[in-house]
Structures are given as C-alpha cells and as structure tokens.
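The structure under discussion appears below in the form of structure tokens.
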Amino acid sequence: MRWRQAARYWHDLGARNPFGVILTGADDRPRDWESDEFFRTGAADAARVCAELTTVAPDLPRRTANRLVVLRDLEWTRIITH
C-alpha cells in the first residue's frame, strides 16, 4: 500500500468511527463507542497505571489534574495542572 492510499484509508476510517479506530473491540475490529463509555476506559487505564507505579516507585511524587480533558460534541477543554 502506498502512503497516500494508507493516509486516505485512515482518514476515511477515522471520519466514520474515530473512537473505534483508537480503541478496538475484543476481536481487534473497530467498535462503536458512546463517548462517555470510551473516556471511562481511559480513566480505568490511568488508574491501573497509577496503581502499578505505586508498586514500582512508591516514593515517586504525584500531581493531580484540576480538570480532565474531555471531548464532548467535538469541543475540547484544557488541562490545568498544579
């Protein structure tokens, strides 16, 4: 496959199902996601990574985000950390 063909393929796929291209179903095929469900998977992944970091590096300082980045109706909010 040539680069232009590959770019067109991914562009078209992303336009039809952007969440499903990023996070596939159990069969590795694009899945239809509701936006809230899709973002909950990210929260669960972040919690799992933080738990793993706690066991690997318990003294590592932690910071939290005041706001989460949320994509709702294609509008982004900013991340503000302290």
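The values are calculated or read from the model by the stated rules, or taken from the named source; none is laboratory data. These figures come from a predicted structure and were not determined experimentally. Positions of Cβ are generated from backbone atoms using ideal geometry, with glycine treated the same way; all protein chains shown enter the neighbour counts.
Which pairs have Cβ atoms under 8 Å, sit 6 or more apart or on different chains, and link a residue in region 1-23 that is farther than 26 Å from Asp45 by Cα to one that is part of a helix (DSSP H, G or I) and not charged (D, E, K, R)? What qualifies is Met1/Tyr9. Note on region 33-79: among residues that are assigned to a loop (DSSP other than H, G, I, E, B) and surrounded by 10 or more Cβ atoms within 10 Å (Cβ to Cβ), the one that is modelled with the highest pLDDT is Trp33.
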